[in-house]
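Encoded as structure tokens, the structure appears first; notes follow it.
A short reminder: the numbers here are calculations on the coordinates, not readings from a lab. As the structure is a prediction and not an experimental result, all values here were calculated from the model. Here the Cβ is made from the backbone with ideal geometry for all residues, glycine too, and neighbour counts use every protein chain on show.
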Amino acid sequence: MGKKNKKNKKLYNNIDYKKKYSLDEASKLVTQQLFTKFDSSVDVAICLGVDPKKPNQMIRGTVNLPYGTGKNVRVLALIPPEREKEIKNAGAEYIGLDNYIKKIYNGWLEFDVIVTIPSVMIKLGPLGKILGPRGLMPNPKAGTVTQNPKKSINEIKYGKIEFKVDKYGIIHNGIGKVSFGFEKIKQNFLKLISVLNKKKPSTFKGIYFKKIYLSSTMGPSISVIL
């Protein structure tokens, strides 16, 4: 354990916390400073200058990362029997309806995303207290309540993620793995920034991107300047 601490301390010392790094520099640092024996996730934290209490400044949406996240997203497709056939080969780990709703009531949560169709949402209302706090309730704005569930499942499997500012105006998302290398992390980052730019409220005044940090699992935050 002592050797590991010394190694991590040395790696931490490679980061200048008073410096704002270019995206190229930050992407290289975050993928080269290895703090774990497993393939660490790379996360981005973006502090926006918006006020989430104002309806027109609640920034949320989805983005299709060009290189995905590197994670296997477990999809639960809550679909009535008559529509199961159309999504059979879309990649969802679980397909069904009433049986899975009952399992969720009983505490089963072995999934990451629910995809469903509008007519099913009335059945999910009573599950709000279970799914809501965990961010698992399907939402049309996230594309998880749709008349084309096959397309939505395919997009999620190939790198589509949802983003949403928290009450402090911060967006926090995983954008890949250390093993991706700096170029793929950079491209995923730029795609997210591009979509966020399009979400900027037309009436917004001030600094939109206030602070941006990249980090890997158990690693330090690296300040990024656009």
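Round to the nearest 10 and give me the degree value, 0 to 90, for the angle of helix 2-12's Cα axis relative to the longest principal axis of the chain. Tilt relative to the chain: about 80 degrees.
Treating segment 95-226 as a set of equal point scatterers at the Cα positions, no solvent, please give the Debye-formula log₁₀ I(q)/I(0) at q = 0.12, 0.14, 0.15 Å⁻¹. Each listed q corresponds, in turn, to -0.64, -0.83, -0.93. Each peptide among 192-198, 177-183, 24-30 gets the average number of other Cβ atoms lying within 10 Å of its residues, and from highest to lowest they stand as 24-30, 177-183, 192-198. Structural descriptor for the chain: relative contact order 41 percent, calculated from alpha carbon pairs under 8 angstrom and at least 6 residues apart.
Find the centroid of the Cα atoms in segment 151-226 and in segment 23-49, then give the distance between the two in whole Å. Cα centres, segment 151-226 to segment 23-49: 11 Å. Only four residue types carry charge here, +1 at the Cβ of Lys and Arg and -1 at the Cβ of Asp and Glu. Report the dipole size of the chain about the Cα centre in Debye, rounded to the nearest 20. About 760 debye. Maximal additional length on extending the residue 226-residue 89 stretch stands at 45.3 nm, based on 0.36 nm per residue less the C-alpha distance. With θ taken as phi - 60° and the Karplus curve 6.51 cos²θ - 1.76 cosθ + 1.60 applied, the whole-hertz 3J(HN,Hα) list for segment 38-44 is 9, 6, 5, 7, 10, 10, 10 Hz, x standing for glycine and proline. One decimal place: the segment residue 16-residue 105 gains 27.2 nm when fully extended, by the rule 0.36 nm per residue minus the C-alpha distance.
Give me the number: length gained by fully extending residue 25 to residue 198, i.e. 0.36 nm times residue separation minus the C-alpha to C-alpha distance, one decimal in nm.
Full extension of this stretch gives 59.8 nm more.
Using the Cβ of residue 99 as centre and a radius below 13 Å, the other residues enclosed give a net charge of +1, where K and R count +1 and D and E count -1.
Between the beta carbons of residue 217 and residue 53, assuming R0 = 22 Å, the FRET efficiency works out to 0.10 to the nearest 0.05. Between residue 168 and residue 36, the simple spin-label model (points 7 angstrom out along Cα→Cβ) gives 2.1 nm.
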